[in-house]
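Below you'll find the structure, written out as structure tokens, and then a few comments.
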Amino acid sequence: MRRFGLLQYPEKESLSKKIFNQYFKLSSINAKYDDIVIEPRKFDTKVTEYLESYDGLNVTVPFKEDIIKFISPVEDAREINAVNCIYQNKGYNTDWKGFYNSLLDTDLKLPILLVGAGGASKAIIYGLYKLGIKHLILVNRTIEKAFKLKDFFTTKIDITVESFENLKEVMKSSKTFINATSIGMFGESFNFSSEELSNLSLIYDIVYNSTALQKQALKNGIKLIDGKTFWYYQAVENLKIWGVYDEVKFYETFVNSKFN
Ligand SMILES: NC(=O)c1ccc[n+]([C@@H]2O[C@H](COP(=O)([O-])OP(=O)(O)OC[C@H]3O[C@@H](n4cnc5c(N)ncnc54)[C@H](OP(=O)(O)O)[C@@H]3O)[C@@H](O)[C@H]2O)c1
């Protein structure tokens, strides 16, 4: 049996575990996907054990950068300085590629406002750069982290940092709004009025569950790309890298899963 898994901390039942296991079953692939929890202080001593015993791995918060010294990152993962997929000791970043692929049929209207400056945001900025976007506005609660990303991507994309307090104001003149924070995941919400959203043509909310923002987009007739769609596109890239991708079966599993 082939073994795949997700390195994470703290413990959280992942969408990947649920959907990949359903997919392996439906496709008669002899494989299993586990959620693997490692305490951050034990990461350096424990991780090699998993690298040796698993056929392929995903990596999430808080290990996407820490893993790099144990594997060989491919060029784009090195450029983002984050790895979320591993196969045969190579490290990939499928977040940016999934984000990129999810927008190939979308005419992105400018200006683009991105909220969040964590790991996912890094991959999204890189994806926007690869889509040919030259400028974006970045807002983060901790503004220093937004400036850090601006510096990190300075040769690739022009970033204007705005404070979290200015979010609603900046939103009014933006056309595309991307939420790459966890707002909406644990019950909190942005509390935008319909009027504040009225200039937008696209809301891209990467949170996995159905958030108040996502419901508002639908109610106001604004095109929505949600976190499950983002997950799907990056998951496809993982399966391709691991050599276990069946387009029809995976799509079927995804649309029939209880999460849709
Ligand atoms: N759909 C998918 O496939 C997918 C993939 C990756 C991630 N995600 C989701 O995307 C979200 C971000 O992931 P990540 O890996 O970037 O996490 P991360 O590195 O921990 O970053 C979290 C981000 O959310 C912000 N934030 C958290 N709570 C906030 C609040 N109450 N008010 C304002 N800002 C808040 C943080 O701001 P500060 O810097 O100020 O703390 C930071 O920008 C998570 O919900 C994650 O589950 C989804």
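The values are calculated or read from the model by the stated rules, or taken from the named source; none is laboratory data. Just so it is clear, the model here is predicted, and its values are computed rather than measured. Note: ideal-geometry Cβ built from the backbone for every residue, glycine included; neighbour counts use all protein chains shown. In case anyone asks, the SASA skips ligands and DNA or RNA and just uses the protein heavy atoms, side chains included. Shrake-Rupley method; radii C 1.70, N 1.55, O 1.52, S 1.80 Å.
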Practice task
Please give the peptides 73-81, 241-249, 116-124 ranked by average Cβ packing (other Cβ atoms within 10 Å per residue), highest first, as a rough proxy for protection.
Solution key: 116-124, 73-81, 241-249
Problem - Rounded percent of accessible protein surface that carbon and sulfur make up, region 61-114, 1.4 Å probe - result: 45 percent
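Contact order normalised by length for region 111-198, with contacts defined as Cα pairs under 8 Å and 6 or more residues apart; what percent is it?
On the way: 122 pairs, mean separation 33.0, N = 88.
Contact order relative to length: 37 percent.
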Problem - Solvent exposure, largest accessible area first (probe 1.4 Å, DNA, RNA and ligands not counted), of 3, 41 - result: 41, 3
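Relative contact order of the chain, please, whole-number percent, based on alpha carbon pairs below 8 angstrom and at least 6 residues apart. All intermediate terms of the calculation are to be shown ahead of the outcome.
On the way: 453 pairs, mean separation 41.7, N = 260.
The value is 16 percent.
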Completion exercise
Given a Förster distance of 45 Å, the FRET efficiency implied by the Cβ-Cβ spacing of residue 196 and residue 257, rounded to the nearest 0.05, works out to 0.85
Exercise for the section: Please list, or write none, the lysines whose alpha carbon is within less than 19 Å of the alpha carbon of residue 148, excluding same-chain residues fewer than 8 places away. Expected result: 64, 122, 134, 156
Handout entry: In range of the label at residue 142: residues from region 88-121 whose backbone nitrogen is under 12 Å from the point 7 Å along Cα→Cβ
Key = 117-119
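Compute and list, largest first, the equivalent-ellipsoid semi-axes of the chain from the alpha carbon gyration tensor, each √(5λ) rounded to a whole angstrom.
On the way: eigenvalues 189, 92, 53 Å².
Rounded to whole Å, the semi-axes are 31, 21, 16.
Rounding to the nearest 20 debye, state how big the charge dipole of the chain is about its Cα centre with +1 on each Lys and Arg Cβ and -1 on each Asp and Glu Cβ.
Details: 34 positive and 32 negative charges, 47 e Å.
Here the size comes out at about 220 debye.
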Handout entry: Helix 143-152 axis, angle to the chain major axis (alpha carbon atoms, nearest 10°)
Key = 70 degrees
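Full-extension gain between residue 72 and residue 223, please, as 0.36 nm times their residue separation minus the C-alpha to C-alpha distance.
Numbers: separation 151, 0.36 × 151 = 54.36 nm, distance 3.82 nm.
Using 0.36 nm per residue and subtracting the Cα-Cα distance, I get 50.5 nm.
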Problem - Using alpha-carbon coordinates, inclination of helix 227-242 to the longest axis of the chain, degrees - result: 30 degrees
Handout entry: Inter-site label distance for residue 11 and residue 156 at 7 Å from Cα along Cβ, in nm
Key = 3.5 nm
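When the convex hull of the C-alpha atoms of region 98-226 is computed, what volume per residue in Å³ does it have? Don't skip to the end; give the middle numbers.
Values: hull volume 12.4 nm³, N = 129.
Looking at region 98-226, the number lands at 96 Å³ per residue.
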Problem - Centroid-to-centroid separation of region 233-253 and region 82-118 [C-alpha atoms, Å] - result: 16 Å
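Can you figure out the FRET efficiency of residue 212 with residue 108, using R₀ = 25 Å and their beta-carbon distance, to the nearest 0.05?
On the way: r = 24 Å, r/R0 = 0.94.
The computed FRET efficiency comes out at 0.60.
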Problem - Degrees between helix 43-53 axis and first principal axis of the chain (Cα, 0 to 90, nearest 10) - result: 60 degrees
